1. Are any of the residues in the stretch 138-146 in contact with a His (Cβ under 9 Å, 6 or more places away or on another chain) and not polar (S, T, N, Q)?
2. Is it the case, given these coordinates, that residue 210 is under 25 Å from residue 76 (Cβ atoms) and of a type outside the set (Asp, Glu)?
3. Could you please let me know if residue 56 is open to solvent by less than 60 Å² (accessible area, probe 1.4 Å), among the polar types (S, T, N, Q) and farther than 30 Å from residue 115 by Cβ?
4. Restricting attention to the stretch 1-14, and to residues there that are open to solvent by 40 Å² or more (accessible area, probe 1.4 Å), among the aliphatic types (A, V, I, L, M) and in a helix (DSSP H, G or I), which single residue is nearest to residue 46 (Cα to Cα)?
5. For the stretch 63-145, which helices (runs of 4 or more DSSP H) that fit wholly inside it have 2 or more residues that are crowded, with 17+ Cβ neighbours inside 10 Å and free of Cβ contacts under 8 Å to residues at least 24 places away in the same chain?
6. For the stretch 202-221: of the residues being among the small types (Gly, Ala, Ser) and in contact with a helix residue (DSSP H, G or I) (Cβ under 8 Å, 6 or more places away or on another chain), which is nearest to residue 232 (Cα to Cα)?
7. Farther than 21 Å from residue 137 by Cβ, of a type in the set (Gly, Ala, Ser) and assigned to a helix (DSSP H, G or I): is that true of residue 41 in this structure?
8. Can you confirm whether the stretch 21-36 contains a residue that is of a type in the set (Lys, Arg) and either within 28 Å of residue 138 (Cβ to Cβ) or open to solvent by 30 Å² or more (accessible area, probe 1.4 Å) (or both)?
Amino acid sequence: AVEESVAIYRELGLRGDLASSRNNASNRYADLAGLETTREARRKWLDLAIAAVEESVAIRRELGLRGDLASSRNNASNRYADLAELETTREGRRKWLDQAIAAVEESVAIYRELGLRGDLASSLGSLCQCQRALAEAAPDQAEVLAHLQRSRTAIDEAVTLFREAGNNPYLLMALREAVVARLLLARVGLNLDRDELLRLLDEGISLATSLEENDKLAFLNDTKRRLLEGEVS
């Protein structure tokens, strides 16, 4: 369906609509990649996804559609991160993750400039994940720490934005990631602010209970128990 849409918009020269359909096609190719069981098959679909979203990016940049460009760059970041997961070497993962970071940082900058706070919060969540993945591929402890700190900074801003908007489902996801960010930093030797972590955990537990998000509730409760029993420091 989306490929027919692409063909018609291309034939009619409707560039903005073509960019939208190519962005949509990228998501569908990525969905298909997720169903594959081999690296080679996943790579085939992700290559199509990358080509589609990069065309969308190019058209929206040419047309000056800033908000749409930010959406496509955020999408591109996700696709680059998907390709990073297929790499078997640290250098290969870093190559794609560097592109993912550049894409999502442009998205963040545009959303910040346009004052689109909900979209900004979502892109900050993506930035958090990219920085965390880069930490895993970092060659030394100093770089690991730097990426994890950037990851925490990004998700903390996302938490604030989702909290201000009253978007509780997304706030809960962001709170979970903010907790994880602190646990990872503690694991590499950064001092843990126990009171701050407890506040995040209590807020998350309250939200998870009200939203009946049992998996997140179990994680948050277990983390709080381990923190209070001294297993996390």
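The values are calculated or read from the model by the stated rules, or taken from the named source; none is laboratory data. Computed from a prediction, not measured in an experiment: that's the story for all the values here. Cβ atoms come from the backbone with ideal geometry, glycine included; neighbour counts cover every protein chain shown. Surface accessibility is based on the protein's heavy atoms, side chains included, excluding ligands, DNA and RNA. Shrake-Rupley method; radii C 1.70, N 1.55, O 1.52, S 1.80 Å.
1. From the stretch 138-146, those in contact with a His (Cβ under 9 Å, 6 or more places away or on another chain) are 138; that's our starting set.
Now drop any that are not not polar (S, T, N, Q), which leaves 138.
Yes, there is a match, as at least one residue in the stretch 138-146 is in contact with a His (Cβ under 9 Å, 6 or more places away or on another chain) and not polar (S, T, N, Q).
2. Working: under 25 Å from residue 76 (Cβ atoms): no; of a type outside the set (Asp, Glu): yes.
Against the criterion (under 25 Å from residue 76 (Cβ atoms) and of a type outside the set (Asp, Glu)), residue 210 does not qualify.
3. Values: open to solvent by less than 60 Å² (accessible area, probe 1.4 Å): yes; among the polar types (S, T, N, Q): yes; farther than 30 Å from residue 115 by Cβ: no.
Taking the combined requirement at face value, the residue does not satisfy it.
4. Taking the stretch 1-14 as the starting set, the residues that turn out to be open to solvent by 40 Å² or more (accessible area, probe 1.4 Å) are 1, 3-4, 7-14.
Filter once more, so that each one left must be among the aliphatic types (A, V, I, L, M): 1, 7-8, 12, 14.
If we keep only those that are in a helix (DSSP H, G or I) too, we end up with 7-8, 12.
Values: 7: 20, 8: 23, 12: 27 Å.
Filtering the stretch 1-14 for residues that are open to solvent by 40 Å² or more (accessible area, probe 1.4 Å), among the aliphatic types (A, V, I, L, M) and in a helix (DSSP H, G or I), the one nearest to residue 46 (Cα to Cα) comes out as 7.
5. Numbers: elements: 66-86, 90-114, 117-137.
Once the helices (runs of 4 or more DSSP H) in the stretch 63-145 are filtered for at least 2 residues that are crowded, with 17+ Cβ neighbours inside 10 Å and free of Cβ contacts under 8 Å to residues at least 24 places away in the same chain, what remains is 90-114.
6. As a first pass, look at the stretch 202-221 and keep what is among the small types (Gly, Ala, Ser): 204, 206, 208, 210, 218.
Narrowing the set further to residues that are in contact with a helix residue (DSSP H, G or I) (Cβ under 8 Å, 6 or more places away or on another chain) leaves 204, 208, 210.
Values: 204: 18, 208: 21, 210: 26 Å.
Of everything passing the filter in the stretch 202-221, 204 is nearest to residue 232 (Cα to Cα).
7. On the way: farther than 21 Å from residue 137 by Cβ: yes; of a type in the set (Gly, Ala, Ser): yes; assigned to a helix (DSSP H, G or I): yes.
Criteria met by residue 41.
8. At the first step, the residues of the stretch 21-36 found to be of a type in the set (Lys, Arg) are 22, 28.
After this cut, where a residue has to be either within 28 Å of residue 138 (Cβ to Cβ) or open to solvent by 30 Å² or more (accessible area, probe 1.4 Å) (or both) as well, the list is 22, 28.
Yes: one or more hits.
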